[in-house]
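Scroll down for the structure; my scribbles are underneath it.
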Amino acid sequence: MQGFFSKGEYSGTKPKTFLQVRGKPNTLPLKTVFLLLAIATAVVFCLPYRHLFFCETVQFGQFSEPAENIFISPGIARKEHAKILRMLETAENRVNAFWGEKKGRATVIVCATPAEYGRYCPNKEGAGCSLGTFYGNSFIVLNLYGINPDVISHEMCHNEVFSRLGWRKTTFAIPQWFNEGLAMMLDYRFVNTPNSAARYERYLKEWRLRTVPPAKKLRLAEISTLNGFFGGDARHVTLAYLTAATEVSHWLLLVGQKGLIQWTEAIQRGDRFEVYYEIENLHRKITPHPGNPVRRLDQAQPSE
Ligand SMILES: [Zn+2]
């Protein structure tokens, strides 16, 4: 013990505790500060939200910023930047047309490799992801193969919901199938049309093709949560997307953009998600109602 103290954490010859230091403010020794910093850094990097740290500090790294709030990896050639900006513009036009006006102001981060994408996005796989924080900042992260108008407008649509409703309502008040179904309206990978009648017809056709017995069907109640929607194999997730897109395209066929904005304003005022059905009933009086087999599944079986 003597040997330990003789090295001394303090400059004096006699070992002291903090309480013994009289007349001086209680300060931590430098070694302890470094140790605490190292522990804090390790904790931050081990947290499941460490990607937010990287997103928030992207401007201090090697990424280029060819336009405001758009960051492109140094692994992507500069001659590609103009093409990427054009795709972002195409996606923005889709968002403007669908929502009437784009309000989302997410920082866009374009990655060059899956490893880089994994730093900024909590899911290491996938073409793109959208992140919203409880303090209001939001990010759209794109993988190299996600640099196309479908993926970008899909993520921008998620960001639009977040921007209009905020983190708490987006996280807790909206079923996952609605958020994903809306995003699919701007994402033409399955169905390539902005026309609402043709869009519902084609989604319904796709849904029917993939649910021919004995293939299982998914009830909306089963895909309301993040886990329920994405917690399954590729077939489950594809069917979840199709089920969501069929339901939302049917709803939009009835209520149109006017109904979507009415729903958004109602949720902003504090209404529950169920106002979705009330708005549908309001518009159904003036719009003929085509059948919707997805909805009938939920009506036939009690929800969870
Ligand atoms: Zn999505």
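Each residue of the stretch 106-119 was assigned a 3J(HN,Hα) from its phi angle through the Karplus expression (A = 6.51, B = -1.76, C = 1.60, θ = phi - 60°), giving 5, 6, 9, 10, 9, 9, 9, 9, x, 5, 5, 4, x, 6 Hz with x at Gly and Pro.
Neighbour counts of C-beta atoms inside 10 Å place V255, V110, V33 in the sequence V33, V255, V110, starting with the fewest. In the stretch 58-165, the inverse of the mean reciprocal separation of distinct Cα atoms equals 13.7 Å; this is its Kirkwood hydrodynamic radius. Treating r as the C-beta distance of E278 and K31 and R0 as 45 Å, the FRET efficiency rounds to 0.10.
Here the stretch 147-194 and the stretch 221-293 have alpha carbon centers that stand 12 Å from each other. Length available on full extension from N192 to R210: 0.36 nm per residue minus the Cα-Cα distance, which gives 4.7 nm.
For the stretch 146-161, backbone phi angles converted through the Karplus equation (6.51, -1.76, 1.60; θ = phi - 60°) give residue-by-residue couplings of x, 8, 8, x, 5, 5, 5, 5, 4, 5, 5, 5, 4, 5, 5, 4 Hz, Gly and Pro being listed as x. Near A67, no amide H atom lies under 5 Å from its own; only residues 5 or more places off or on other chains count, and H is placed 1.01 Å from N. The protection proxy used here, the mean number of other Cβ atoms lying within 10 Å of each residue, ranks peptides 83-94, 149-160, 174-185, 219-230 as follows, highest first: 149-160, 174-185, 219-230, 83-94.
For the stretch 178-300, what is the charge dipole size about the Cα centre, in debye to the nearest 20, if Lys and Arg each add +1 at the Cβ and Asp and Glu each add -1 at the Cβ?
Dipole size: approximately 400 debye.
Within the shell defined by Cβ-Cβ distances under 10 Å, the residues around V255 carry a net charge of +1, with Lys and Arg each +1 and Asp and Glu each -1. A cut-off of 5 Å between modelled amide H atoms, ignoring neighbours fewer than 5 places along the same chain, links G128 with N143. Near N148, once Lys and Arg are set to +1 and Asp and Glu to -1 for all other residues with Cβ below 15 Å from its Cβ, the sum equals -2. Along the stretch 219-225 the Karplus relation, 6.51 cos²θ - 1.76 cosθ + 1.60 evaluated at θ = phi - 60°, assigns HN-Hα couplings of 7, 4, 4, 6, 10, 7, 9 Hz to successive residues, with x for each Gly and Pro.
Every number here is computed from the coordinates shown, using simple stated rules; none is lab data. Note that the structure is predicted; figures quoted are calculated from it, not measured. Because the Cβ atoms are built from the backbone with ideal geometry, glycine has one as well, and the counts that use them run over all protein chains shown.
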